[in-house]
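Here's the structure we're looking at; comments come further down.
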Amino acid sequence: MEKLLKKIDYKNIPSHVAIIMDGNGRWAEKRGKLRDFGYQQAMVSVRDSLNACKELGIPYITLYVFSSENWKRPKKEINKLMNLFHSHLHKYLKEIHENNIKILTIGDVSKFSKEIQENLHFFIKKTKNNTSGTLILALSYGAREEILRATQKVAKKIYKGLFTLGDINHSFFQNHLYTKNLPDVDLIIRTSGEQRISNFLLWQSAYAELYFTNVLWPDFRKKDFFKAIINYQKRNRRFGNVK
Ligand code: IPE
Ligand code: IPE
Ligand code: MG
């Protein structure tokens, strides 16, 4: 770990890291357990990642917890996942608050149970002045839905005559996304070996660096997070320009 830390350039820390926490089901299946055993282990990796962000001074981290497409999964699996949220969310969010981290959500949270929504609202409010970093939880999140929703909001304002077509520029549109006021994503990490985006932050990651690792999410530790950052720091980010 010491060796890894020495390789980190503290002058080139990403502002916003987003993680596709994939491979929980496969991790459990490899151990001859039911898929939800993997979800139970996922919090250990979340904790490690949050600690890593704190140590490096990364101000924003977004975690893909549940996608808009994940509702397609068998009812039994969804129920297990919702029960897990229901019974552990308060404890986990409390722990995050105790670490002085601000909690936000993106996605259609109204699809979750009343209790889950209440817990989320409680901690969003409670943590709003926390200063050690911001954790954004993507819940029932889909980037296409987010972009459509923003388009509808913008269209409505134009239709009402509040704005004209000429008012629609990048920042105006961005202000209608779930992520308004959040910086663009610098780095997307996806665990489990899959190399795809799965409808995650399509607008916000236009110039993000992508990092894929075969490590399954429940095995992802602080050292794996540091490795991703070291890899990111080797990239030459040109943003279409020449360097
Ligand atoms: C990702 O893990 C977490 C959720 C979608 C809730 P998976 O459940 O997709 O695990 P794998 O990819 O099947 O192993
Ligand atoms: C992406 O993983 C969603 C989350 C990690 C929450 P999936 O397992 O749902 O993605 P696909 O289906 O393999 O693309
Ligand atoms: Mg998966």
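Summary table below
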read-out	value
Residue that is open to solvent by less than 80 Å² (accessible area, probe 1.4 Å), part of a loop (DSSP other than H, G, I, E, B), in contact (Cβ under 8 Å) with a residue 60 or more places away in the chain and within 16 Å of ligand 3 (Cβ to nearest atom), where the choices are SER192, SER205	SER192
Qualifying positions in segment 123-162 - under 20 Å from the mean Cα position of the chain (by Cα), over 25 Å from ILE58 (Cβ atoms) and open to solvent by 30 Å² or more (accessible area, probe 1.4 Å)	ARG144, GLU145, ILE147, LEU148, ARG149
Residues located in segment 172-210, provided they are over 18 Å from ASN236 (Cβ atoms), in contact with a helix residue (DSSP H, G or I) (Cβ under 8 Å, 6 or more places away or on another chain) and of a type in the set (D, E, K, R)	LYS180
Condition check for GLU69: at pLDDT below 95 and either within 15 Å of ligand 2 (Cβ to nearest atom) or of a type outside the set (A, V, I, L, M) (or both)	no
Subset of segment 26-82 [more than 17 Å from ALA228 (Cβ to Cβ), among the small types (Gly, Ala, Ser) and over 15 Å from the mean Cα position of the chain (by Cα)]	ALA28, GLY32, GLY38
Output for segment 86-114, where each listed residue is of a type in the set (Phe, Trp, Tyr) and either under 18 Å from GLY142 (Cβ atoms) or not in a helix (DSSP H, G or I) (or both)	PHE112
Within segment 11-38, considering residues that are open to solvent by 30 Å² or more (accessible area, probe 1.4 Å) and assigned to a helix (DSSP H, G or I), the one nearest to ligand 1 (Cβ to nearest atom)	ARG26
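The values are calculated or read from the model by the stated rules, or taken from the named source; none is laboratory data. All figures in this text were calculated on a predicted structure; none of them were measured in a lab. Cβ: placed from backbone, ideal geometry, glycine included. Neighbour counts: every protein chain shown. What goes into the accessible areas is simple: the full protein's heavy atoms, side chains included, and nothing from ligands, DNA or RNA. Shrake-Rupley method; radii C 1.70, N 1.55, O 1.52, S 1.80 Å.
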